[in-house]
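Enquirer: Below is the structure I would like to discuss, written out as structure tokens.
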Amino acid sequence: MSLTSLATLSTLDRAGPQRITDLARLEGVAQPSMTVLVGNLERDGFVVRRGEPSDRRVVLVELTAAGTDLIRSRRRAGAQAFARLIDKLSPGEAAALVAALPALQHLRELKEAQRAGTTPLHGTQAGR
């Protein structure tokens, strides 16, 4: 499965159902490319297209149970592999990694804000 397909499934898992145009913008691809990608994911049983209850003209893409299972199992496998690598660090390296966690969390928040089209204040962090 392509990285774009996995990223799209991950976005749907995090953000919930999305329009194809919004998915294309979030993933940085052209709308026609996202339409093809969603068609492939739908064919493979990882997503479904549903009408928006408040506006029948709008079609939303959402994860199926199979799509949710796939993305979450990939995340678990990645986290387990990363944990095995962390176990190989020296105590000093592990402490440095722990000390860096707030900055890494802030980077994640900045990236999510960028993807959502919002801009947090410079220098702000969660919990401050």
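Enquirer: Charges at C-beta only: +1 for Lys and Arg, -1 for Asp and Glu. How large is the resulting dipole of the chain about its Cα centre, in Debye rounded to 20?
Expert: Rounded to the nearest 20 debye, it is 20 debye.
Enquirer: Compute the length gained on full extension between ALA30 and THR64: take 0.36 nm times their separation in residues and subtract their Cα-Cα distance, giving the result in nm to one decimal.
Expert: Computed gain between ALA30 and THR64 is 9.9 nm.
Enquirer: Which one, ALA96, ALA66, ALA77, has the greatest fluctuation when you compute a Gaussian network model over the chain with C-alpha springs under 10 angstrom?
Expert: Fluctuation is largest for ALA96.
Enquirer: Counting only protein heavy atoms, what percent of the accessible surface of region 1-92 is carbon or sulfur at a 1.4 Å probe?
Expert: 54
Enquirer: Round to the nearest 10 and report in Å² the accessible area of ARG84, as given by a 1.4 Å probe over the protein chains' heavy atoms.
Expert: So the heavy atoms of ARG84 present about 140 Å² to solvent.
Enquirer: Next up: For an R0 of 30 angstrom, estimate the FRET efficiency from the Cβ-Cβ distance between ARG57 and ARG115 and round to the nearest 0.05.
Expert: Computed FRET efficiency for ARG57 and ARG115: 0.75.
Enquirer: Moving on. Based on the alpha-carbon gyration tensor of the chain, what equivalent-ellipsoid semi-axes (square roots of 5 times the eigenvalues) come out, in whole Å, largest first?
Expert: Equivalent-ellipsoid dimensions as semi-axes: 32, 20, 12 Å.
Enquirer: Gain in length, LEU104 to LYS88, computed as 0.36 nm per residue apart minus the alpha-carbon separation, to one decimal in nm?
Expert: Gain on extension, LEU104 to LYS88, equals 3.7 nm.
The values are calculated or read from the model by the stated rules, or taken from the named source; none is laboratory data. In this text, all values refer to a predicted model and were calculated from it rather than measured experimentally. Here Cβ is always computed from backbone atoms with ideal geometry, including for glycine, and neighbour counts include all displayed protein chains. Keep in mind that these areas ignore ligands, DNA and RNA; they rest on the heavy atoms of the full protein, side chains included. Shrake-Rupley method; radii C 1.70, N 1.55, O 1.52, S 1.80 Å.
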